[in-house]
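Worksheet for the structure shown next.
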Amino acid sequence: MKRILVTNDDGIKAEGLIRLVQAAGEFGEVTVVAPAEQRSAASHSITLRHEIQVYPYDFPVEGVKAFSCSGTPADCVRLGVLALMDARPDAVFSGINFGYNVASDLQYSATAGAAFEGEFQGYLSVAFSEGINGCHEVTDRYLKELMDEMLCKEYVPGVIHNINFPQCKLSECKGILRDRKVSRHSFYRDRYKKLSQLNGGGSEYIVDGVYEPVPEEGTDYGAVLSNYVSVGTVGNLA
């Protein structure tokens, strides 16, 4: 029986986290340590100069020990493996993120950041993500199959596994593409929109990216845009 630490960046109440925990529970003992609130785009940041508050949490999956955490997703992993779990985990799972984590977006992703922290601590770590249109058919079809595949892998220092499920219907999914490279493109061309002028000469801005998907063969980005499940590895700091 495996011991699995599960976290996310959408918050402990997120539907994707609940679905990931339900699936992971079929493979072993699950401990959840997840942010109390939404912490997307926190990347691999950790809390150093402020206290982190952790509370037991009544998670809506039977048999799961869970904690909500005021810190970042990476904090959740560190606290889980260094303070809260009774024994070392066999794997760290992060997700299921609301939105793809592919291409250049990975450098900002706290879903990936939590997996990077799990790898940095010495554990097999996997990030799971899917599209945002609410269609879970492909994820539901392939999640446990890929989870089983990941749990059979040996821990390799310096890499995490990154899985993205396309947001199409199952009938439109073309299958699984493995060994996907990380694309250097992004879904959005970055720009900022000025909202207002502030007192003292300041200005207020908000991110206002332009959606510009560019399919790229052989990559994670190209796979999900073409209705494939993308499976690949991403390098961590060695």
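The values are calculated or read from the model by the stated rules, or taken from the named source; none is laboratory data. These numbers were taken from a predicted model, which means no experiment stands behind them. Cβ placement follows ideal geometry from the backbone for every residue including glycine, while neighbour counts extend to all protein chains displayed.
Every residue in region 13-48 that is on the phi > 0 side of the Ramachandran plot and aliphatic (A, V, I, L, M), please. Selection gives 41 alone.
Among all positions in region 75-84, there is no residue which is out of contact with any helix residue (DSSP H, G or I) (no Cβ under 6 Å at 6 or more places or on another chain), at pLDDT below 95, over 12 Å from residue 7 (Cα atoms) and not hydroxyl-bearing (Ser, Thr, Tyr). Criterion applied to 90, 105 was being surrounded by fewer than 20 Cβ atoms within 10 Å (Cβ to Cβ) and within 18 Å of the chain's Cα centre (by Cα), and the one residue passing it is 90. Going by the structure shown, is residue 54 touching a helix residue (DSSP H, G or I) at 6+ places or on another chain (Cβ under 9 Å) and closer than 20 Å to residue 125 by Cα? So residue 54 fails the test. When restricted to residues that are outside any helix (DSSP H, G or I) and surrounded by fewer than 24 Cβ atoms within 10 Å (Cβ to Cβ), region 71-87 contains 4. Anything in region 19-39 that is buried (at least 18 other Cβ atoms within 10 Å of the Cβ) and out of contact with any strand residue (DSSP E or B) (no Cβ under 7 Å at 6 or more places or on another chain)? List them, or say none. Matches in region 19-39: 23, 39.
From the list 45, 40, which one is modelled with pLDDT under 95, assigned to a loop (DSSP other than H, G, I, E, B), farther than 21 Å from residue 121 by Cα and touching a helix residue (DSSP H, G or I) at 6+ places or on another chain (Cβ under 9 Å)? Answer to the check: 40. Residues that are in contact with a helix residue (DSSP H, G or I) (Cβ under 9 Å, 6 or more places away or on another chain) and of a type in the set (Asp, Glu) do not occur anywhere in region 142-157.
Here the strands (runs of 3 or more DSSP E) wholly within region 119-238 that include at least 1 residues being among the acidic types (Asp, Glu) and surrounded by 19 or more Cβ atoms within 10 Å (Cβ to Cβ) are 124-130.
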